[in-house]
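The values are calculated or read from the model by the stated rules, or taken from the named source; none is laboratory data. Keep in mind the model is a prediction, meaning the values are calculated, not measured. All Cβ positions, even for glycine, are placed from backbone atoms using ideal geometry, and neighbour counts span all protein chains on display.
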Amino acid sequence: MATAKDFLIIDCEAHTMPLDFRKHINYYPGTRYFSKPEESPTGRWWCTNPITGERREKPADWTKEGLIADMDKAGIDMACMLRESFLGLSYNGVPCSTNYHVIEAMEQYPNRIIGCSNVGPHLNRGVKNAIKELEILHTEYGFKCTKVYSPEDGGPINHKDMMPFYEKCLELGVVVFIHTGLAVGGHSDYCRPMQLDDICLTFPELKIVAYHFGWPEHETLNALAWKHKNLYIGMSGMLGPLYYAPVKLAHMVGSIMNMMLGSEKIVFGTDWPAAPADLQVQAILNLQIPKDLQEGWGYPPITDQDRANMLGINLAKLLNIEVPKKYKKWVK
């Protein structure tokens, strides 16, 4: 059986939110959601074995050192690190972290950390202002991708005022990661997968990765990724609980591969530290499509080439990352 060492593994979503910065807003009641992760719904579901009740506690302190340690444990080579805003927790006072935390991590771990900017909430701060910060981070500091998190913003991902932002991302060659599906904090209606149709039709060359399988509207996202060549499906935020539900994971991945006739549009991610990174990597290493699902649902079997594609090759191609020589055999 293949192990993590056999593949290039790139995480499309890992967060930084150090307590030494966040302590200054810990007096706001809403910040307890992150300061006491055991009290959050994600801290319970994403980190708990539903059969035995055993739970792996996620950290309250989301540091670059903690991320690197968990990457090493899981066998993850590189991670797209991004800040968290969650301005609503401080009544629009102070974000939970800044893009400078990502810059520091990139400088300290240049071969491990990929800069993923978060210049939102875009509509609330003004899209022109968001674009100015985007330009600085991507032209002066080498960031490769950016995240749009609309649940905390003033409207949906396909809001007309967001179009200049996407246009600028296309101009700069920035890959756009978009939160889709359920939002634990904020408006889920602002990030429904079907809204991606407008964006992809307007910018067919803009590379987009939709986070979280678009769950629970994952079939809608699958159909859109089949329709649009520039739309990819990110698994981040879901592989923790799906580690304990391998048949469900087989259905979710198998359904994508059935429509796409392959695994070239699936991107690995952890949403660190939402769930243990090592279990999420192992979920893909363990992934199999049982015979009954192949014969009854038309899902193709999972090969090591599929695992290589999902774990890192697809994202390396999107971000123009040079694949190390030892993994070149997986590049098709």
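Tabulated data
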item	result
Residues located in the stretch 157-180, provided they are buried (at least 18 other Cβ atoms within 10 Å of the Cβ) and in contact with a Lys or Arg (Cβ under 8 Å, 6 or more places away or on another chain)	Val174, Val175, Val176, Phe177, Ile178, His179, Thr180
Neighbours by Cβ (under 6 Å, 6+ apart or cross-chain): first from the stretch 276-294, of a type in the set (Asp, Glu); second surrounded by fewer than 16 Cβ atoms within 10 Å (Cβ to Cβ)	Asp278/Lys73
Residues of the stretch 108-127 classified as within 24 Å of His187 (Cα to Cα) and either assigned to a loop (DSSP other than H, G, I, E, B) or touching a Phe, Trp or Tyr at 6+ places or on another chain (Cβ under 9 Å) (or both), total	9
The stretch 285-329: number of residues that are of a type in the set (Gly, Ala, Ser) and in contact with a strand residue (DSSP E or B) (Cβ under 9 Å, 6 or more places away or on another chain)	2
Selected residue [surrounded by fewer than 21 Cβ atoms within 10 Å (Cβ to Cβ), outside any loop (DSSP other than H, G, I, E, B) and not aliphatic (A, V, I, L, M)] from Gln294, Gln280	Gln294
Whichever residue in the stretch 307-317 is surrounded by 19 or more Cβ atoms within 10 Å (Cβ to Cβ) and farther than 16 Å from Leu242 by Cβ and, among such residues, is nearest to the chain's Cα centre (by Cα)	Leu315
Number of positions in the stretch 224-251 that are within 12 Å of Asn286 (Cα to Cα) and either of a type outside the set (Gly, Ala, Ser) or at pLDDT below 95 (or both)	7
Test result for Gly30, surrounded by 15 or more Cβ atoms within 10 Å (Cβ to Cβ), modelled with pLDDT under 95, more than 21 Å from Phe177 (Cβ to Cβ) and of a type in the set (Gly, Ala, Ser)	no
Single residue of the stretch 180-204 satisfying the filter (in contact with a Leu (Cβ under 9 Å, 6 or more places away or on another chain) and closer than 19 Å to Met238 by Cα) that is modelled with the lowest pLDDT	Gly185
Considering residues of the stretch 134-144 that are out of contact with any Lys or Arg (no Cβ under 9 Å at 6 or more places or on another chain) and of a type outside the set (Lys, Arg) only, the residue surrounded by the most Cβ atoms within 10 Å (Cβ to Cβ)	Phe143
Test: residue in the stretch 38-51 that is part of a loop (DSSP other than H, G, I, E, B), loosely packed, with under 14 Cβ neighbours inside 10 Å and either modelled with pLDDT of 95 or more or of a type in the set (A, V, I, L, M, F, W, C) (or both)	yes
Residues of the stretch 66-105 that turn out to be farther than 16 Å from Asp271 by Cβ, in contact with a helix residue (DSSP H, G or I) (Cβ under 9 Å, 6 or more places away or on another chain), modelled with pLDDT of 95 or more and part of a helix (DSSP H, G or I), as a count	7
Pairs with Cβ under 7 Å, 6+ apart, first in the stretch 1-26 and surrounded by fewer than 18 Cβ atoms within 10 Å (Cβ to Cβ), second in a loop (DSSP other than H, G, I, E, B) and acidic (Asp, Glu)	Pro18/Asp61; Leu19/Asp61
Condition check for Ser97: under 15 Å from Lys147 (Cα atoms), in contact with a Gly (Cβ under 7 Å, 6 or more places away or on another chain) and either surrounded by fewer than 23 Cβ atoms within 10 Å (Cβ to Cβ) or not basic (Lys, Arg) (or both)	no
